[in-house]
Amino acid sequence: MEMRNRINLELRNRAPEEVTQLVLDNCRCDNGEIEGLNDTFKKLELLSMINVDLRSLARLPNLNKLRKLELANNRISGGLEVLAEKCPNLTHLNLSGNKIKDLSALEALMEMKMMKRKMKLVHLKDMRKRRRRKKRMRMKMKQAPNWEREKRKWASHT
């Protein structure tokens, strides 16, 4: 289902000004950009666009009351400075599963007022978990030869 059609379906005969939550998960957007979402969603507090093949946030409208934004499993690799401008009250942002390769892409988010106090960057948590897993794997790899040596020593005693 396309994003515009999904937005109309999610409205359920309500005006966009009344909607506080909008879940657009697993719908598709053309050209990797947001479609059908505009400035009329003034009370929107939660927006979920998980797995919608999104590549850019350039067409994100001004959402001053938005607190939670779910953008997991898309193709976003940069351009996050738009969030600082258009979503100033954001407190939760999920960017896991995107094409962000280094932390410099997230520097624009540091300008946000709420970032200093309580913003959660799930992407950073995921990166830390990956690093810990890799470190554990390296430790196991280092321990493996010792295990083989011990096994041989015990085998020679029997």
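The values are calculated or read from the model by the stated rules, or taken from the named source; none is laboratory data. Model, not experiment: these values are computed from the prediction. For neighbour counting, all protein chains shown are included, and Cβ atoms are generated from backbone atoms with ideal geometry for every residue, glycine included.
What to note about this one:
- Pairs, first under 15 Å from Leu63 (Cβ atoms) in the stretch 5-18, second surrounded by 10 or more Cβ atoms within 10 Å (Cβ to Cβ) and of a type in the set (Phe, Trp, Tyr), C-beta under 8 Å, six or more apart: Pro16/Phe41; Glu17/Phe41
- Residue in the stretch 29-79 that is nearest to Arg4 (Cα to Cα), counting only those that are within 16 Å of the chain's Cα centre (by Cα) and among the acidic types (Asp, Glu): Glu33
- Residue, nearest to Met49 (Cα to Cα), within the stretch 96-126, restricted to residues that are in a loop (DSSP other than H, G, I, E, B) and at pLDDT below 80: Met119
- Extreme residue, surrounded by the fewest Cβ atoms within 10 Å (Cβ to Cβ), among residues of the stretch 19-60 that are among the hydroxyl-bearing types (Ser, Thr, Tyr) and farther than 17 Å from His92 by Cβ: Thr40
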